[in-house]
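The next block holds one structure in the form of structure tokens; read it before the comments.
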Amino acid sequence: MEKMKILFNREPKNAEMGAYIFSPQTLKEALESTLSGIKDIVSRENFEGKEEQALFLISGFEKFKRTLLIGIGDTNISNEKVRRGAAIAVKFAQAKKIQKISIFVPHLKEVSKKDAATALVEGSILANYSFQKYKTVKEDKRVFVAETEIIGELSQKEIEECRQAQVVCENANICRDLVNDNSSVANPDFFEKFVKTKLKGTSLKVTVLHEKEMQKLGMGLHLAVGRGSESRSRVIIIEYNGDKESKGKYLFVGKGITFDSGGLDIKPGESMENMRDDKAGASAVFALLKTCEDLKIKKNVIGIMGLAENLVDAKSYRQGDVYVSMKGLTVENNSTDAEGRLVLSDCIYYGVTKFKPKLVVDFSTLTGSAIRTFGEHVALMCATNDREANEFFESGQKTFERAWKMPMFEEYVKETKSLRADLRSLNKKPNNGAIFAACFLNNFTENTPFVHLDIAGTAFVEEPKPYYETGATGFGVRLATEYLKRQK
Ligand code: BES
Ligand code: ZN
Ligand code: ZN
């Protein structure tokens, strides 16, 4: 898939389709001024600017051969509605095989010009994405929009903000490619080659811990998970040093189970089908670090990708056995399908002890419990620090990669105690699974402020969303970039 070109112009140049986004109120105003020439058609076709309304005109208007009017309604008007508006324009153009489109920055009192323009860029790039690697029938292949022109009176600074959003979304699309690809392709071996190739020649420092080094470090939990696989487990560490004046570091850890069969506690077929998405956390961490580099973000950021494949084999790790973590704490393994927390525990502990970050964040498709709580709409957050949780909440509102905080009360913490070992990997009762997992992980953070983001529901959608086709969403890349940009 070619990258979509984004242009910024005050007046439309040579686009084949002009798209306008309206609320009922702004439509009324436009029909009295700029759009007075098509007032009759608009009223005849009953276009009122309501949400999900669109009116496609093939007759010439202004400089365009075709015009698309898009409604966003009048409730909860926000940058997200603008993102969705842009997505409608892009999808429409794709369906009509229109290669170049112009979208006008809408004038909305609820959304600043900068935010509206940024949202247009985001919606366009995310909606133009489709995973086509395994499509061979020409007629079934998607035609992509090659060029989107954003029309508005934008300052250089506003355009710069849009350019940054463009890079973030392109990197989110790289994340989506990784998550969507076959698990037999994108396995731990592949990730090492991929990361090294992609980041060659950048300022990012890549270190890979192979099983031998992991053994030396005592990463017994992580190593246990990958025992049944031919693609050996590993930890990839990416270091970005964007703020030479500060020692403060942010650590992001991503769950990279490249395929989760459940292990010996094997998943039923249907639940296994999408388990290539269990690498979404690690993929997001990679894309985030690449974004830090691309945007020259003025922060020090460390990314750790915890990679392993959870398969069935005579060597597979076992339910009921006790495994020893790098920290030394022993863990009773209550299910080989609760593998993510084992990999993450060792990676988190390694990261916090080696880098002493001021914050550790993990992205992980960790529990079905998070999906049962929030569906595909919101990531389940647990945090030991209210300020950081709030920053992630606010970043989520801005990016619409939303996160909602759950408690880590001591009753939940106590549930992680085991009779046979120090910790249990699963709660005795099948309750509060997502919170339990967060409390389990917190045993390995060494009191570093911790934000846990369970993205099991949001990383991969079964139902297409306005700017996400079925499959990976790249969740976390836009959220974490926004978080980092907000920090002083
Ligand atoms: N990777 C899964 C969680 C998951 C489920 C992510 C569905 C995305 C979609 C995780 O490793 C897992 O299997 N969790 C189990 C644990 C169970 C054995 C207690 C779960 O939450 O169902
Ligand atoms: Zn699992
Ligand atoms: Zn898993």
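The values are calculated or read from the model by the stated rules, or taken from the named source; none is laboratory data. Just so it is clear, the structure is predicted and the values come from calculations on it, not from any experiment. Methodologically, a virtual Cβ is constructed for each residue, glycine included, from the backbone with ideal geometry; neighbour enumeration extends over all protein chains shown. Keep in mind that these areas ignore ligands, DNA and RNA; they rest on the heavy atoms of the full protein, side chains included. Shrake-Rupley method; radii C 1.70, N 1.55, O 1.52, S 1.80 Å.
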Looking at 365, 416, 336, which one is more than 24 Å from the chain's Cα centre (by Cα), among the polar types (S, T, N, Q), within 15 Å of ligand 1 (Cβ to nearest atom) and under 19 Å from residue 262 (Cα atoms)? 336
Filter segment 430-458 for residues that are open to solvent by 10 Å² or more (accessible area, probe 1.4 Å) and within 20 Å of the chain's Cα centre (by Cα) and give the result. 456
Could you give me the residue pairs with C-beta distances under 7 Å whose first residue belongs to segment 309-324 and is free of Cβ contacts under 8 Å to residues at least 40 places away in the same chain and at positive phi, whose second residue is open to solvent by less than 80 Å² (accessible area, probe 1.4 Å) and within 14 Å of ligand 1 (Cβ to nearest atom) wherever it lies, and which are 6+ apart or on separate chains? 320/333
Hits in segment 245-263 - residues which are touching a Pro at 6+ places or on another chain (Cβ under 9 Å), over 11 Å from residue 364 (Cβ atoms) and within 16 Å of ligand 3 (Cβ to nearest atom): 258, 262
When you go through (1) within 16 Å of ligand 1 (Cβ to nearest atom); (2) of a type outside the set (Gly, Ala, Ser); (3) open to solvent by less than 10 Å² (accessible area, probe 1.4 Å) one by one for residue 309, which number turns out not to apply? (3)
Condition first: hydroxyl-bearing (Ser, Thr, Tyr) and within 16 Å of ligand 1 (Cβ to nearest atom). Now tell me which residues in segment 340-354 satisfy that. 345
Determine, yes or no, whether residue 411 is farther than 27 Å from residue 274 by Cα and either touching a helix residue (DSSP H, G or I) at 6+ places or on another chain (Cβ under 6 Å) or part of a helix (DSSP H, G or I) (or both). yes
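For (1) open to solvent by 40 Å² or more (accessible area, probe 1.4 Å); (2) within 14 Å of residue 338 (Cβ to Cβ), each residue gets a yes or a no:
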position: 266; (1), (2): yes, yes
position: 275; (1), (2): no, yes
position: 283; (1), (2): no, no
position: 298; (1), (2): yes, no
position: 301; (1), (2): no, no
Going through segment 387-408 in order, the residues found to be without any contact (Cβ under 8 Å) to a residue 40 or more places away in the chain, assigned to a helix (DSSP H, G or I) and under 22 Å from residue 458 (Cβ atoms) are 390, 393, 397
Anything in segment 263-304 that is in contact with a Ser or Thr (Cβ under 8 Å, 6 or more places away or on another chain), part of a loop (DSSP other than H, G, I, E, B) and either within 16 Å of ligand 1 (Cβ to nearest atom) or polar (S, T, N, Q) (or both)? List them, or say none. 263, 264, 265, 267
Only one residue in 164, 132 is part of a helix (DSSP H, G or I) and either small (Gly, Ala, Ser) or open to solvent by 10 Å² or more (accessible area, probe 1.4 Å) (or both). Which one? 164
Within segment 334-346, which residues are touching a strand residue (DSSP E or B) at 6+ places or on another chain (Cβ under 6 Å) and either modelled with pLDDT under 95 or away from ligand 3 (no atom under 14 Å from the Cβ) (or both)? 334
Set 169, 175: member being within 16 Å of ligand 1 (Cβ to nearest atom), within 18 Å of the chain's Cα centre (by Cα) and either open to solvent by less than 30 Å² (accessible area, probe 1.4 Å) or within 23 Å of residue 480 (Cα to Cα) (or both): 175
Would you pick out the residues in segment 235-267 that are charged (D, E, K, R), away from ligand 2 (no atom under 16 Å from the Cβ) and under 22 Å from the mean Cα position of the chain (by Cα)? 239, 249
Test: residue in segment 221-232 that is open to solvent by less than 40 Å² (accessible area, probe 1.4 Å), away from ligand 2 (no atom under 16 Å from the Cβ) and not in a loop (DSSP other than H, G, I, E, B): yes
For segment 342-384, the count of residues that are within 14 Å of ligand 2 (Cβ to nearest atom), assigned to a helix (DSSP H, G or I) and open to solvent by less than 10 Å² (accessible area, probe 1.4 Å) equals 4
Based on what the data block shows, is residue 270 open to solvent by 40 Å² or more (accessible area, probe 1.4 Å) and within 16 Å of ligand 3 (Cβ to nearest atom)? yes
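Let's see how each residue does on (1) in contact with a strand residue (DSSP E or B) (Cβ under 7 Å, 6 or more places away or on another chain); (2) more than 20 Å from residue 402 (Cβ to Cβ):
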| position | (1), (2) |
| --- | --- |
| 34 | no, yes |
| 46 | no, yes |
| 74 | no, yes |
| 79 | yes, no |
| 108 | no, yes |
| 117 | yes, yes |
| 122 | no, no |
